[in-house]
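The values are calculated or read from the model by the stated rules, or taken from the named source; none is laboratory data. Remember, it's a predicted structure, so these values are computed and weren't measured experimentally. Please note: Cβ atoms are built from the backbone with ideal geometry, for glycine as well, and neighbour counts cover all protein chains shown. Note: areas computed on protein heavy atoms with side chains; ligands, DNA, RNA excluded. Shrake-Rupley method; radii C 1.70, N 1.55, O 1.52, S 1.80 Å.
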Amino acid sequence: MDQSLPPESTPAGTDAGPGRQASASASGRYVFPALGRFYGCMEGVGYALLRFGFGAIIFTHGLPKALGISHGSMADPMAGSINMIGKVMGLPFAPQLAVLVMLLETAGAAMLALGLLTRLIAVLMTVEMIAISYAMGPTWPWIDRGIEYPVLLGLVALYFALRGAGAYALDRKLKREI
């Protein structure tokens, strides 16, 4: 006999897509059933906050490159990016690639925060985080300038790429998504 919970239906007006269940209909599983409805209502807001926070954090890494100002212990973050791309990773056209990274971390981060071209920007950021992890590895602990932080950001960016913009995003207002 199947001991799993009965299938849940998606209430009208929710953002549950194929393969996703609406949280609100699962309120019977909670000790306090009202929490299920609350979680269901707040899921879209929480996702938008995560997307916005991610974009804002990435933006703080791109803006110093764009403005040519210091960032943390880096006196010249753009030179640091050029060095990592050219000398550590051994890629050609390091200055040009560093400009693309700066654009992704400024304009792309702002677009992601607002939910504009979410999937495309998220895929590009996933690739960037993989490249940073490769260049900084194999040290793991973040405190030792390891790759914990870019691995986590890469996984979050991948989640955005797979899930899309969500309910509170410009992509949703435009009624188009990649």
Karplus (6.51, -1.76, 1.60) ³J(HN,Hα), θ = phi - 60°, over the range 100-114, in Hz, Gly and Pro reported as x
5, 4, 4, 5, 5, 7, 10, 4, x, 5, 5, 5, 5, 4, 8
What part of the accessible area of the range 74-123, given as a whole %, is carbon or sulfur when the probe is 1.4 angstrom?
80
I want to check the label-to-label distance for residue 57 and residue 174. Put each point 7 Å from Cα in the C-beta direction and report it in nm to one decimal.
2.5
What is the extension gain from residue 140 to residue 155, computed as 0.36 nm multiplied by their sequence separation minus the C-alpha to C-alpha distance, in nm to one decimal?
3.9 nm
Take each of the peptides 114-126, 141-153, average the number of other beta-carbon atoms within 10 Å over its residues, and list them starting from the highest.
114-126, 141-153
Compute the label zone of residue 107 within the range 148-171: residues whose backbone N is under 20 Å from the point 7 Å along Cα-to-Cβ.
170-171
Dipole check, the range 31-178, charges on Cβ (K,R +1; D,E -1), about Cα centroid: among 68, 127, 32 the Cα furthest to the positive pole belongs to 32
Proximal charge balance of residue 72 [Cβ under 13 Å; K/R count +1, D/E count -1]:
+1
